[in-house]
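For reference, the structure discussed in these notes is given below.
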Amino acid sequence: MELRVVRHGLVDSTSERAFAAVAAGEARHGDVHVASGQTAGRGRRGTTWHSVEGEGLYLSVVIRADRVALPPEAPSMTGALAVKEALEDLGVRGLELKWPNDLLAGGAKLSGVLVESRGYDPERPCFVLGIGVNVAQREFPAELRAEREVTSIRLLGIEASPEQVLGRLLPRLGARLGQCGSDPRALAADYLAASGWLGRQVRVDDGEGGLEGELRGLTLDAGVTVEHPSGERTSIALGHVRALTRLSP
Ligand code: BTN
C-alpha cells in the first residue's frame, strides 16, 4: 500500500507527532512521521531511545484498522519484519528477530519497534508503530551499553544514511502493512518463518511461571505454542508473552 511521508526536523518523539496528527483529525492510515532526531525518543517499558540527529532512523506509522479486529501484536510484527527485510536489502547479514520488538545483529540490538495506542476503540483500532534503527553511530553512551549490547549499521561495516535506510524501508513497510490489514495470519506465519525459531528450544516469560519447550507455533489466535518432552503442547496468548528467549542455538 501507498505510504504518505510526513517530514519533521528535531522533535520530541515521532510517535508523539503521529498521535498529535491523529488527535487533530489529520492522520491517515499509512502516514509515516519521520524525524531527523528526537529529544524524548522512547523505547519499550519506559526506556529512552537514543535519538541523536542524523545518526539513526526515527519514524512512526499511523495504523488505522477500521472495523477490523487487529490484535496489537500484528503492527509490531509488521514493523520488525519490514525492517529486517529492508536491512537485508541493504546487505546487512546475520539479523535475528527477537520477539516482541527487537532486531538483533550478532546478539546486539540494531533496531526496535514500539506499538502504542491511546483511547483504544476496538471498533476502530488506531495504533502508532514507532520504529528506531541505529544507522550511523560509531559509538553509544556508556549507560546504554551497560544495559545491553547495541550496534549500528555502520558498526556492522555498511555505509548508509538514515535517508537511504528509509528508502529501502518504505516499500517493505508498505507491503507488510497491506498484509497486516488483509491477512494478519499470513503475516504472523511469515514472521515466524523469518525468525528461524520454529523447532528450537525456547523459554517463554509471561510474568508468572513461564514455560520452556520446543517452539511449535506463533500465531495471532493461539499465541506461542511449545511442546514439552512428554509431547504435550501448551500455548500462551501473545498479549501475555513478555519475552521469548532461544535456549538452543
Ligand atoms: C524498543 O526497542 O524499546 C522500542 C524502540 C522504539 C524507538 C522508536 S524511534 C521512533 C519512535 N518514536 C519514539 O519515541 N520511539 C519510537
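The values are calculated or read from the model by the stated rules, or taken from the named source; none is laboratory data. Please read all numbers here as calculations on a predicted model, not as lab measurements. Because the Cβ atoms are built from the backbone with ideal geometry, glycine has one as well, and the counts that use them run over all protein chains shown. Please note that ligands, DNA and RNA were not included when accessible areas were found on the heavy atoms of the full protein model with its side chains. Shrake-Rupley method; radii C 1.70, N 1.55, O 1.52, S 1.80 Å.
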**OP:** Return the residue satisfying two criteria in turn: it lies in region 85-143 and is within 12 Å of the ligand (Cβ to nearest atom) and without any contact (Cβ under 8 Å) to a residue 40 or more places away in the chain, and of such residues it is farthest from VAL62 (Cα to Cα).
**Re:** LEU104
Original post:
Looking only at residues in region 225-241 that are in a strand (DSSP E or B) and touching a residue at least 24 places away in the same chain (Cβ under 8 Å), which one is farthest from VAL115 (Cα to Cα)?
Top reply: VAL226
Subject >> ALA24, sole failed condition from (1) hydrophobic (A, V, I, L, M, F, W, C); (2) within 10 Å of the ligand (Cβ to nearest atom); (3) open to solvent by 10 Å² or more (accessible area, probe 1.4 Å) >> reply: (2)
Original post:
What number goes with the only condition from (1) open to solvent by less than 90 Å² (accessible area, probe 1.4 Å); (2) more than 29 Å from ARG246 (Cα to Cα); (3) charged (D, E, K, R); (4) touching an Asp or Glu at 6+ places or on another chain (Cβ under 8 Å) that LYS109 does not pass?
Top reply: (2)
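One line per residue, one yes/no per condition, for (1) of a type in the set (A, V, I, L, M); (2) in contact with a strand residue (DSSP E or B) (Cβ under 8 Å, 6 or more places away or on another chain); (3) more than 12 Å from the ligand (Cβ to nearest atom):
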{"position": "ARG42", "(1), (2), (3)": "no, yes, no"}
{"position": "HIS50", "(1), (2), (3)": "no, yes, no"}
{"position": "GLY54", "(1), (2), (3)": "no, yes, yes"}
{"position": "LEU57", "(1), (2), (3)": "yes, yes, no"}
{"position": "ILE63", "(1), (2), (3)": "yes, yes, yes"}
{"position": "SER76", "(1), (2), (3)": "no, yes, no"}
{"position": "GLY79", "(1), (2), (3)": "no, yes, no"}
**OP:** Scan region 35-60 and report the pairs whose first residue is under 23 Å from LEU3 (Cβ atoms) and whose second residue is among the acidic types (Asp, Glu) and assigned to a loop (DSSP other than H, G, I, E, B), with Cβ atoms within less than 8 Å and a gap of 6+ or a chain change.
**Re:** SER36/GLU53; GLY37/GLU53; GLY37/GLU55; GLN38/ASP12
**OP:** Tell me which residues, restricted to region 111-142, are more than 20 Å from ASN101 (Cβ to Cβ) and over 20 Å from the mean Cα position of the chain (by Cα).
**Re:** GLY119, ASP121, PRO122, GLU123, ARG124, ARG138, GLU139, PRO141, ALA142
**OP:** Could you look through region 34-71, keep only residues that are acidic (Asp, Glu) and at pLDDT 95 or above, and pick out the one that is least open to solvent (accessible area, probe 1.4 Å)?
**Re:** GLU55
Subject >> Residue among LEU244, LEU215 that is surrounded by 13 or more Cβ atoms within 10 Å (Cβ to Cβ), at pLDDT below 95 and in a strand (DSSP E or B) >> reply: LEU244
